[in-house]
Each structure stands twice: as C-alpha cells, then as structure tokens.
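*Asks:* Pasting a structure here, questions to come.
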Amino acid sequence: LQHPALVFVLIVFALEMFLISPPLRAGVACWTPPPHWSLSAYWAPLPHAFLSLCLATLALTLLLPLSCVLAVLLAIVLLTITFICPFLLVRIQKFKIQINGPWDEAKLFNGINN
C-alpha cells in the first residue's frame, strides 16, 4: 500500500474481524434466546445480522476518508458475498448430479438374485 494510513486501516480491520468479532458474536449468541424460545426461528439470526451490518458500516466509514476506491470495492465485495453468492448457490442446485466414486460406502451384493 502506498500510504501508511492505508496500512493502518488494513491492520485495524483485520484486528476487528479476527480478534474482536468472535468474542462479540459469542456474547450476542449468549444474549439471544435459542430459536425454539422465540416466536419464529427466522427472528433468531437478526442480532447476528445487525452486528455484521454494524461492523461492515464501521469498516466502510473508516475506510471512506482514506480511499474512496477501496471503500467502494469493499462494499461491492461485501454485497456480492452476502447476496449474490448465496443466490447463485441456490440457483445452481438444480444442476447438481450425484457422482459415485471410491469415497462412497461399499454396496455388497451376495450373488443371489431375488
């Protein structure tokens, strides 16, 4: 990177993601009730989604004054990973085929035709 401030932002972002985020997410998981306690299992991931949105917003806010191009690139990567990749994975499920190989369980044949 050309500027020391960009190196600092990269290191702070890495520390945020790998050191601060896991304990914070574990704490959020302890504070939220299990899915069977809530009205619907769909509401249980909302605190995690909110936390992820806050962290992404913080990272973009800190990166924007230093490099607009990198901030836009980060936003595009985050949106692609969050929305486009899962959509494509669900969409290509219809093309999935089952292949058999040596990693499968052996099927025993006793030689007697029923």
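The values are calculated or read from the model by the stated rules, or taken from the named source; none is laboratory data. Small disclaimer: the values here were computed from a predicted structure and weren't measured. Glycine also receives a Cβ, built like all others from the backbone with ideal geometry; neighbour counts cover every protein chain displayed. The protein model used for the area step is the full one, side chains on, heavy atoms only, and it has no ligands, DNA or RNA in it. Shrake-Rupley method; radii C 1.70, N 1.55, O 1.52, S 1.80 Å.
*Asks:* Contour minus end-to-end for Leu66 and Phe95, with contour as 0.36 nm per residue of separation and end-to-end as the Cα-Cα distance?
*Replies:* Going from the current span to full extension adds 6.1 nm.
*Asks:* Ignoring everything but the protein chains, give the 1.4 Å probe accessible area of Val12 in square angstrom, nearest 10.
*Replies:* 50
*Asks:* Still on this structure: Out of the total accessible area of the stretch 63-112 (probe 1.4 Å, heavy atoms of protein only), what percent is carbon and sulfur? Could you put the intermediate results ahead of the total?
*Replies:* On the way: 3510 of 4830 Å².
Roughly 73 percent of what the probe reaches on the stretch 63-112 is carbon or sulfur.
*Asks:* Enter the accessible area of Ile99 (Å², nearest 10), with the probe set to 1.4 Å and all protein chains included.
*Replies:* 100
*Asks:* What's the FRET efficiency of Leu1 with Trp103 using the Cβ-Cβ distance as r and R₀ = 41 Å, to the nearest 0.05? Mind showing how you got there, number by number?
*Replies:* Numbers: r = 43 Å, r/R0 = 1.06.
Efficiency for this residue pair is about 0.40.
*Asks:* Quick one: if you stick a label point 7 Å off each Cα along the C-beta vector at Met17 and Val77, how many nm between them?
*Replies:* 0.6
*Asks:* Short version: ³J(HN,Hα) in whole Hz for each residue of the stretch 19-25, in order, from phi by Karplus 6.51 cos²θ - 1.76 cosθ + 1.60 (θ = phi - 60°), x for Gly and Pro, what are they?
*Replies:* Here the 3J(HN,Hα) series is 10, 8, 5, x, x, 5, 5 Hz.
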